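Enquirer: Quick one: the structure is below, questions incoming.
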Amino acid sequence: MAKITIDKMCCKGCDICIAICPKKVFVKSKKRNGYGSNMPDAQNVKDCAGCRLCERLCPDGAIDVEVEAEKNEN
């Protein structure tokens, strides 16, 4: 599973992450950032594919995605 962090000091609530995520991990929340905009919330983290599109396309670099390495079962 991935760990997704959104920096509320950088996020301006543009919703690109919501639109671009192929797994619909993000939803618009009621939390407001410093700009007064509603921030995205990573509610469906279990569905995250680890593609990092949100991280790469965020114009403010406000998203950090950490993907856990899969364990090999031998």
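Enquirer: Please give the length that would be gained between residue 5 and residue 20 if that part of the chain were fully extended, namely 0.36 nm times their separation in residues minus their C-alpha to C-alpha distance (nm, one decimal). It would help to have the intermediate numbers written out before the result.
Expert: Working: separation 15, 0.36 × 15 = 5.40 nm, distance 1.66 nm.
Here the answer is 3.7 nm.
Enquirer: Once both labels are modelled 7 Å past Cα along the beta-carbon direction, what's the residue 35-residue 12 spacing in nm?
Expert: 0.5 nm
Enquirer: Using +1 at the Cβ of each Lys and Arg and -1 at the Cβ of each Asp and Glu in the chain, identify which of 63, 16, 2 lies farthest towards the dipole's positive end.
Expert: Positive-most Cα among the choices belongs to 16.
Enquirer: HN-Hα J couplings of the range 26-32 from phi, Karplus 6.51/-1.76/1.60, θ = phi - 60°, integer Hz, Gly and Pro as x?
Expert: Going residue by residue, I get 9, 9, 6, 9, 8, 5, 9 Hz, with x marking Gly and Pro.
Enquirer: What does the charge dipole of the range 2-67 about its Cα centre add up to, to the nearest 20 debye, if the Cβ of each Lys and Arg holds +1 and the Cβ of each Asp and Glu holds -1?
Expert: Working: 12 positive and 8 negative charges, 48 e Å.
Result for the range 2-67 is approximately 240 debye, rounded to the nearest 20.
Enquirer: If each DSSP helix of 4+ residues adds -39,500 (n - 2.57) and the sum is divided by the residues in the chain, what number results at 222 nm, nearest 500 deg cm²/dmol? Don't skip to the end; give the middle numbers.
Expert: On the way: 2 runs with 10 residues, N = 74.
Computed mean residue ellipticity for the chain: -2500 deg cm²/dmol.
Enquirer: On to the next question. Consider all pairwise Cα distances in the chain and report the whole-number % of them above 14 Å. Please report the intermediate quantities before stating the final value.
Expert: Working: 1520 of 2701 pairs.
Taking all Cα-Cα pairs of the chain, the fraction more than 14 Å apart is 56 percent.
Read-outs throughout are calculated quantities, based only on the coordinates presented, and are distinct from any laboratory measurement. Being a predicted model, the structure only gives us computed values, none of them experimental. Cβ: placed from backbone, ideal geometry, glycine included. Neighbour counts: every protein chain shown.
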